[in-house]
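Read the structure below first, then the notes.
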Amino acid sequence: MKNIEALNSFIIILIIGSLFLLSFLLLSNILRVNRKANIFFGVFLLLWGSFWTEELLSLLELKIPSIFVFNTIKTIQSFTAIVFYTSVLYFTNPFWKLRIKDILHLVVPVVMGANFSLNASNGFILNQHQIFVILLLLQAFIYIFWSLFLLRKHEKQIELFRSNREIVDLKWIKQTIYGLIAISIFIIGYNLAITEGNLNIYGNIFSLTILQFLAYNILKQKEIYLLPQEELEKVLQDERTVEKLKQKLLSDSQVSSLKNKLEFIMTDKKPYLEGDLSLSKLAKLVEITPHHLSYLLNEGFSKNFFQFVNHYRVEEAKKLLVSKDYENFSIVGIAYESGFNSKTAFNTVFKKLTGMTPTAYKNSRSH
């Protein structure tokens, strides 16, 4: 039993150390990408680490010095879900600004803080602890739901700016959320099933695994939006209003002329072969603003940026797949030669546009 306790304590120390180290990296802006989002995510990791610190103190049979310190910690912890949600807000919109109605997010933490302060003189009682846990879980559920909604919206939104979604689609945040939900369900089920020796060591091992996945994705993240605030807001506004208001940003003659110019650039310079081609980069080649290019793609080609660029990549891949010069190339090799950043993205887009996988297409043409 003592060996298990020692191992569990060691795992928790690893979790706490990893969380605090990751938090330091994000708060110090060492990565230099998605600055505001990473600052809030770093604060979230600190708050998350405080829960593990409590568990470690419990295992070591150490007590928090005073009821005042305990209540202060609990009040601060009630901001965890809010801080996480705010980081997702900045990941999906780096220019998000606080509004007056956002003060409502502070209701639960303020109520908790006031409750702890009023009851500080009486000590922390079981009912108060149960209320805290229930409110914390309800709050977490609400903010997780809102965060998933923002992430789903983001997956569609980045097609307006990026030709490859994988490096900026924020799926790692969504997968982390699912992992945390799975951990919670596991620990709750474990607690209900086992009444003796309840150390949750398996849950902690699972948590450490999720944390390593999180660390890997945090350290390899890229800047999501490469447009300045004004251009970003215009592109987003165009996407929302063009269809509804039929707002003309370019005349019919301008659309026709720019459409021919863009098609010539795509066939002559082949910018789509650049794996990280963005809306702003292509706009510079066409010599128009990004939001005008976005309008041109909508009006002239009935496609968004992602669809437009990947159409050319698939056409390039189709040529390479049947070319004798590339017959020794693997499917991954063809994917990279065509401008895709991964085999998964290549297979997904290729099948969507042609109705078959690259391998099936190659085999059908070889016969």
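Here, each number is a calculation from the coordinates, and none is a lab measurement. Remember, predicted model here, so these are calculated numbers, not experimental data. Cβ atoms come from the backbone with ideal geometry, glycine included; neighbour counts cover every protein chain shown.
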Practice task
Would you be so kind as to identify which of Leu57, Leu236, Trp146 lies farthest towards the positive end of the dipole of the chain, taking Lys and Arg as +1 and Asp and Glu as -1 on Cβ and the Cα centre as origin?
Solution key: Leu236
Problem - Spatially proximal aspartates and glutamates relative to Lys97 (Cα-Cα < 18 Å; intrachain offsets below 8 disregarded) - result: Glu230, Glu231, Glu233
Exercise for the section: Grab the beta carbon distance between Ala114 and Thr209, set R0 = 45 Å, and tell me the FRET efficiency rounded to 0.05. Expected result: 0.75
Practice task
Note down the Stokes-Einstein diffusion coefficient of segment 229-366 in µm²/s, whole number, using a Kirkwood radius over alpha carbon pairs, 4 °C, and 1.567 mPa s.
Solution key: 80 µm²/s
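Suppose R0 equals 22 Å. What FRET efficiency, 1/(1 + (r/R0)^6) with r the Cβ-Cβ distance, do Glu223 and Leu21 give to the nearest 0.05?
Efficiency at R0 = 22 Å is approximately 0.50.
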Exercise for the section: Could you pull the Rg and Dmax for segment 276-347, using just the Cα atoms, both in Å? Expected result: 14.2, 41
Handout entry: Cα-based radius of gyration of the chain once divided by 2.2 N^0.38 Å, which approximates compact folds
Key = 1.24
Problem - Packing-based exposure ordering (other Cβ within 10 Å, fewest first) of Trp48, Trp96 - result: Trp96, Trp48
Handout entry: Across Lys174/Lys234; Lys220/Lys324; Lys153/Lys281, pairs whose alpha-carbon gap is larger than 31 Å
Key = Lys220/Lys324
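Mind sorting Val43, Val314 by how few other Cβ atoms lie within 10 Å of their own Cβ, fewest first? List each step's numbers first, then the result.
Working: Val43 19, Val314 22.
Arranged by neighbour count, lowest to highest, Val43, Val314 become Val43, Val314.
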Fill in the blank from the handout: Between the Cα axis of helix 80-92 and the main Cα principal axis of the chain, the angle (0 to 90°, nearest 10) is 10 degrees
Fill in the blank from the handout: For the table Lys270/Lys352; Lys318/Lys352; Lys171/Lys362; Lys156/Lys248, the rows whose alpha-carbon distance is greater than 19 Å are Lys270/Lys352; Lys171/Lys362; Lys156/Lys248
